[in-house]
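Chemist: Just dropping this structure here.
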Amino acid sequence: MKKNSLILLVYLILSIGYSQNTTLSGEVSSVDLEGASIESIHVINKSQSIFTTTDVSGTFEVDAKAGDTIVFSAVQYKLQTVLVSKENIKNKTLNVLLEEQVNELPEAVIGFTLTGDLTKDVMNSDAKPALNFYDVGIPGYKGKRKTKSERQLQTAGDFKPIMLLGLLAGSMPFDPLLNAISGRTKALKKQVALEANTVLMYAIKGRLSETFFKNNPLKEDLRMDFFYFCAEDENFTKRCKNSDLEALDFMKEKYENYQKNIISKD
């Protein structure tokens with residue numbers, strides 16, 4: 001009895017420790033860009049709407065707790081999203097390796113001179129249609145290509161109670177059950193939703209930034225943080241996915257709240 005009480009006490013102490021904010025010290029580095037600047041990279045805790053930037057050596061400090069989502073954003077690097085683990089909280093560290101953002105220009109190809117007659121130019125072209133799976137009699141998938149996280153989730157499987165009958169009969173794999181028990185399926189679902197949310201946020205930013213900030217002025221260095229502030233709202237996808245007009249109305253509402261937050265911080 002005393003042993004069980006002691007185990008429960010230790011569990012409660014650890015749970016409380018992981019649920020409280022801890023200041024994580026971290027460093028950003030890159031293997032792709034030799035000599036590239038790792039200063040002023042945005043480090044954003046989306047879960048708590050707080051952010052900071054890296055110093056000249058790429059180091060930073062940010063408050064977080066286990067399960068928080070940290071986003072690293074910079075023009076010269078690909079967006080990096082990290083889920084804070086209990087190990088990060090225990091060690092009070094969060095080191096990240098960023099990948100170079102490469103904008104490749106299309107290759108210039110010099111070929112025959114165009115005559116202006118579409119029929120003749122097509123006949124003279126050496127271009128050949130791409131070979132597809134139907135040309136060789138192989139059935140193929142033509143739907144939307146899944147992301148890495150979506151493929152991992154599909155592989156992990158989504159366990160349903162009715163699947164127990166299949167497990168008992170030996171006709172169902174154990175992986176979905178094991179992944180459900182370990183929490184891997186839940187974590188993958190969260191990652192897939194987070195990626196979709198981030199993609200939508202950047203699409204809205206690209207389409208509506210210029211129009212929105214003409215009538216709703218905001219400092220350039222705060223605009224990215226504002227979009228993260230919008231994206232963390234539980235109604236963001238519902239309000240912004242299907243209509244730009246609805247998205248602008250939503251952004252206006254969040255803009256007023258964001259301005260209030262800035263004033264209260266000042």
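The values are calculated or read from the model by the stated rules, or taken from the named source; none is laboratory data. On a predicted model such as this, the values are computed, not experimentally measured, just so you know. All Cβ positions, glycine included, derive from the backbone under ideal geometry; neighbour counts span all protein chains shown. For the accessible areas, the whole protein counts, side chains as well, though only heavy atoms, and no ligand, DNA or RNA atoms are used. Shrake-Rupley method; radii C 1.70, N 1.55, O 1.52, S 1.80 Å.
Chemist: Among the residues of the stretch 230-252, count how many are open to solvent by less than 70 Å² (accessible area, probe 1.4 Å) and assigned to a helix (DSSP H, G or I).
Modeler: 12
Chemist: Being in contact (Cβ under 8 Å) with a residue 24 or more places away in the chain, farther than 25 Å from K265 by Cα and not in a loop (DSSP other than H, G, I, E, B) is the filter here; which residues of the stretch 51-89 pass it?
Modeler: Y77, T81, L83, K86, N88, I89
Chemist: Has the stretch 8-15 got at least one residue that is open to solvent by 60 Å² or more (accessible area, probe 1.4 Å), modelled with pLDDT of 85 or more and more than 30 Å from D233 (Cβ to Cβ)? So that I can check it myself, show each step before the final result.
Modeler: Start the filter on the stretch 8-15 by keeping residues that are open to solvent by 60 Å² or more (accessible area, probe 1.4 Å), which leaves 8-14.
Restricting the remaining residues to those that are modelled with pLDDT of 85 or more gives none.
Taking every residue of the stretch 8-15 in turn, none turns out to be open to solvent by 60 Å² or more (accessible area, probe 1.4 Å), modelled with pLDDT of 85 or more and more than 30 Å from D233 (Cβ to Cβ).
Chemist: Of the residues K241, K190, which single one is over 20 Å from S47 (Cα atoms), of a type in the set (K, R) and within 17 Å of the chain's Cα centre (by Cα)?
Modeler: Sole residue among the options that is over 20 Å from S47 (Cα atoms), of a type in the set (K, R) and within 17 Å of the chain's Cα centre (by Cα): K241.
Chemist: Would you mind stating whether T211 is open to solvent by 30 Å² or more (accessible area, probe 1.4 Å) and over 19 Å from the mean Cα position of the chain (by Cα)? Spell out how you get there, then give the answer.
Modeler: On the way: open to solvent by 30 Å² or more (accessible area, probe 1.4 Å): yes; over 19 Å from the mean Cα position of the chain (by Cα): yes.
When the stated conditions are applied, T211 passes them.
Chemist: Okay, moving on. Consider the stretch 166-184. How many of its residues are modelled with pLDDT under 70 and in a helix (DSSP H, G or I)? If you could, list the steps in order and put the result at the bottom.
Modeler: Start the filter on the stretch 166-184 by keeping residues that are modelled with pLDDT under 70, which leaves 166-181.
Checking which are in a helix (DSSP H, G or I) leaves us with 166-169, 175-181.
The number of residues fulfilling the criteria is 11.
Chemist: Only one of (1) surrounded by 15 or more Cβ atoms within 10 Å (Cβ to Cβ); (2) within 26 Å of T52 (Cβ to Cβ); (3) at pLDDT 90 or above fails for E195. Which number is that?
Modeler: Among (1) surrounded by 15 or more Cβ atoms within 10 Å (Cβ to Cβ); (2) within 26 Å of T52 (Cβ to Cβ); (3) at pLDDT 90 or above, E195 violates only (3).
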